[in-house]
Structures are given as structure tokens and as C-alpha cells.
1. Within region 22-66, how many residues turn out to be in a loop (DSSP other than H, G, I, E, B) and touching a Lys or Arg at 6+ places or on another chain (Cβ under 8 Å)?
2. What are the pairs, 6+ residues apart or on separate chains, where a residue within region 74-86 that is under 16 Å from Asp38 (Cβ atoms) has its Cβ under 6 Å from a residue that is hydroxyl-bearing (Ser, Thr, Tyr) and surrounded by fewer than 20 Cβ atoms within 10 Å (Cβ to Cβ)?
3. Evaluate the following for Ala63: is it surrounded by 14 or more Cβ atoms within 10 Å (Cβ to Cβ), over 30 Å from Met144 (Cα atoms) and hydrophobic (A, V, I, L, M, F, W, C)?
4. Is there any pair linking a residue in region 35-63 that is within 21 Å of Ala75 (Cβ to Cβ) and at pLDDT 95 or above to one that is among the acidic types (Asp, Glu) and surrounded by 17 or more Cβ atoms within 10 Å (Cβ to Cβ), with Cβ under 7 Å and at least six apart or on different chains, and which?
5. Check Asp156, Asp132 and return the single one that is buried (at least 19 other Cβ atoms within 10 Å of the Cβ) and of a type outside the set (Gly, Ala, Ser).
6. Just give me the residues in region 203-218 being of a type outside the set (S, T, N, Q), in a loop (DSSP other than H, G, I, E, B) and at pLDDT 65 or above, in sequence order.
7. For Ser140, only one of the following conditions fails: (1) surrounded by 19 or more Cβ atoms within 10 Å (Cβ to Cβ); (2) within 25 Å of Glu155 (Cα to Cα); (3) of a type in the set (Ser, Thr, Tyr). What is its number?
8. When the residues of region 106-118 are narrowed to those that are farther than 11 Å from Pro176 by Cβ and out of contact with any helix residue (DSSP H, G or I) (no Cβ under 6 Å at 6 or more places or on another chain), which ends up surrounded by the most Cβ atoms within 10 Å (Cβ to Cβ)?
Amino acid sequence: MFQEFLSPDVASATLPAHPDVAAAKNVLKQAGYVEGSDGMFRTKAGQKLSIDITNPSSFADYAAGDALIAKQLQAAGIDARFVGQSVDAWSSDIATGNFQLTQHWSQTSVAPYQLYNDWLNSAQATNNAAGDYERLKDPSVDAMLTKLATDNTMEDQKTDLAPIEKYVADNLPIIPTVYGVVFDEYNTGKFTGWPTADNQYESGSPNAPTNEVVILHLRPTA
């Protein structure tokens, strides 16, 4: 999805599928952390480098992913652990910024604007955040998003998306891990015009913010 919007400048900026422990340790050493005899990194003052990864325990897929991430970070010398929460506690913490690392789904739409706006727009970094959970506050990014929001053609969107894509690839304010799965069902008995593999004008998800787009495409079969 959105492949046609991908800038050539970042087409090769992919993340490896497997962890590189040696490279990760080099990054930590360059940042000034010291590897102890136990293989764990600490500050020069002796404080262990620790990270809590939080998500609801009931989100089984997220919990399993977090546990795997923690294990990989531990192999690189970071004292990481998954901390399961209730849904209410987790929702409150990410809304107020009270967390170190978490997984969260992204918003979907028929164009990339909503995806990047949800990730990066500093206007959402409030004490009741519904996006920009990492609290990125970069005026240049906000300006780029404002420009993108006014584009009416695909070519203009491609042009204005390119620097945003480059920013994300260079700085990783968020780290995409997997494609979000969208489930939907529909019945063609009475209406046609639903999104299909050959006509992906919308994801079709019942949680999508553009359900009206689907409705406007539907036609009675009789």
C-alpha cells in the first residue's frame, strides 16, 4: 500500500529482518555507554541501561512481540523487559507520555497524509494524546505536514511526501515493525462496488475513517 508514493531517496532505507548485535553494541559504545563484564551496558556513573516495554497483557500479539524485542535488546546488552498492563492503564500512560517504549497501531486512510500526521504532528502531543505518542516536536515537520494537507494531486503529494519520508528514515521517531492486518467482510448479494484486490480504493476496514468513501461506491445489485 502507498508504494506509488515512495520516494526514490528512501527506497533502499530498509531495516534488516534480523538483529545485528555487534552493530548495536557499537552504537551504544559510541554514545558513551560502557559494557560491563556481565555484557550489560551502563553509564559512566555505573547506572544500568534499562528499558521497560509496555503494552496490555491481553494484547497477545503485542505482548509476544514485546517479549521478543526485549530478548533481542538483552542480547545487545540492554536490560529490557516486557511489562504487561491493563488496557486502561496502558491507554492512560500513552496518552500522557508516561512510558519508555511501546507498540501501537497506525491510522489508515486512502492517502499517506493521515499516517504521517498521526505519527508526527506535534499538535497531537498533549496530555491526552491521540497520536504523536513519542512526543516529537519539530516545527519543520509540522510545516511539511501542513503543506501536504493542502495537496490536491498525487504528484503534489509525492513531492511533499519525499522530505517527510526522508526525515522518518533518517531519524526514526517511530520504528515501523509490521504491516497492520485489516480484516473485513462484505456480502455482494444486495450491493456491489466493495473494495477488491483489483480496485483498492479503500482498505474496507470497519474501523477506517473513510467508510463514507466505500458507501459512495456501493450500488444495488437489483
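The values are calculated or read from the model by the stated rules, or taken from the named source; none is laboratory data. Only a predicted model underlies this, so the values are computations on that prediction, with no experimental measurement involved. Reconstructed Cβ throughout: ideal geometry from the backbone, glycine too, with neighbour counts over all protein chains shown.
1. Let us first name the residues in region 22-66 that are in a loop (DSSP other than H, G, I, E, B), namely 31-33, 36-40, 43-47, 49, 57-59.
Now narrow it down to the ones that are touching a Lys or Arg at 6+ places or on another chain (Cβ under 8 Å): 32-33, 36, 40, 49.
Residues that pass the stated criteria total 5.
2. Asp79/Ser50
3. Values: surrounded by 14 or more Cβ atoms within 10 Å (Cβ to Cβ): yes; over 30 Å from Met144 (Cα atoms): yes; hydrophobic (A, V, I, L, M, F, W, C): yes.
Judged against the criteria, Ala63 is a match.
4. Hits for this filter: Ile53/Asp66; Asn55/Asp66.
5. On the way: Asp156 fails: buried (at least 19 other Cβ atoms within 10 Å of the Cβ).
On inspection, the qualifying residue turns out to be Asp132.
6. Hit for region 203-218 is Leu218, nothing else.
7. (1)
8. Our first condition is that a residue be farther than 11 Å from Pro176 by Cβ; within region 106-118, this holds for 107-114, 116-118.
Okay, now just the ones that are also out of contact with any helix residue (DSSP H, G or I) (no Cβ under 6 Å at 6 or more places or on another chain), so 108-111, 114, 118.
Values: Thr108: 18, Ser109: 17, Val110: 17, Ala111: 15, Gln114: 18, Asp118: 20.
Per the stated criteria, the residue is Asp118.
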